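The block underneath contains the structure these notes are about, expressed in structure tokens.
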Amino acid sequence: MGKAGSFSTTGFRQLDRKLTRLANATPRRKVDGVLRVAANVVATEQRRLIPVDTGRHRRTITVTNSPGFVLDGMGPRDVSIFIGPRRGGAGSTMHLLEWGTSHSAPQPFARPAVDAKGAEAIGIVAAGLAALVREAAQ
């Protein structure tokens, strides 16, 4: 059998306080702004790829931080952005274009837009958040 041992750590309380101060020093509106810039890259690609008959589906693609859009585990300071159709109207049928129905073939536009522009959007988020961290650290 191995010998039991013990160890101790220090500094985690201080680190937690510093990270909390950093989060509090970065206004949500600035984080939201960074996410919106990145999300608009994907939304623009969705608008380019969506099949156009009347154009009403294209016009309904939006970027929002709707308070009703909350993921499990999100805290009160977390920020989320939604890319996709506005509620109601033409937006309520866009999933039928993306995935198809028993009467019509799929015409995907949302997933291909993420595949094409996702890396660019992530790069925008990473650079934008790094700039906010540098700004808050000064």
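The values are calculated or read from the model by the stated rules, or taken from the named source; none is laboratory data. Here the structure is a predicted model, which means the values were calculated and not measured. Cβ coordinates were reconstructed from backbone atoms using ideal geometry, including for glycine residues, and neighbour counts include every protein chain displayed. Quick note on the areas: whole protein, heavy atoms, side chains included, nothing else; ligands and nucleic acids left out. Shrake-Rupley method; radii C 1.70, N 1.55, O 1.52, S 1.80 Å.
Mean sequence separation of contacting Cα pairs (under 8 Å, at least six apart), scaled by the length of the chain, corresponds to a relative contact order of 31 percent. The simple Förster model, with R0 at 41 Å and r as the Cβ-Cβ distance, assigns GLU120 and THR9 a FRET efficiency of 0.55. With every protein chain in place and a 1.4 angstrom probe, the accessible-area ranking of SER80, SER92, largest first, reads SER92, SER80.
Highest mean packing comes first when the peptides 5-18, 117-130 are listed by Cβ atoms within 10 Å, giving 117-130, 5-18. A convex hull fitted to the Cα coordinates of the chain yields 205 cubic angstrom per residue.
With respect to the chain, whose longest principal axis is taken over its alpha-carbon atoms, helix 110-137 is tilted by about 30°. Of the solvent-accessible surface of the chain, computed with a 1.4 Å probe over protein heavy atoms with every protein chain present, carbon and sulfur atoms account for 57 percent.
Here's the list of aspartates and glutamates a cross-link from LYS117 could span, going by alpha-carbon distance under 14 Å and ignoring same-chain residues fewer than 8 apart: GLU45. Sorting GLU98, GLU135 by solvent-accessible area of protein heavy atoms yields GLU135, GLU98, largest first, with a 1.4 Å probe. For the chain, the solvent-accessible area with a 1.4 angstrom probe is 71 square angstrom per residue.
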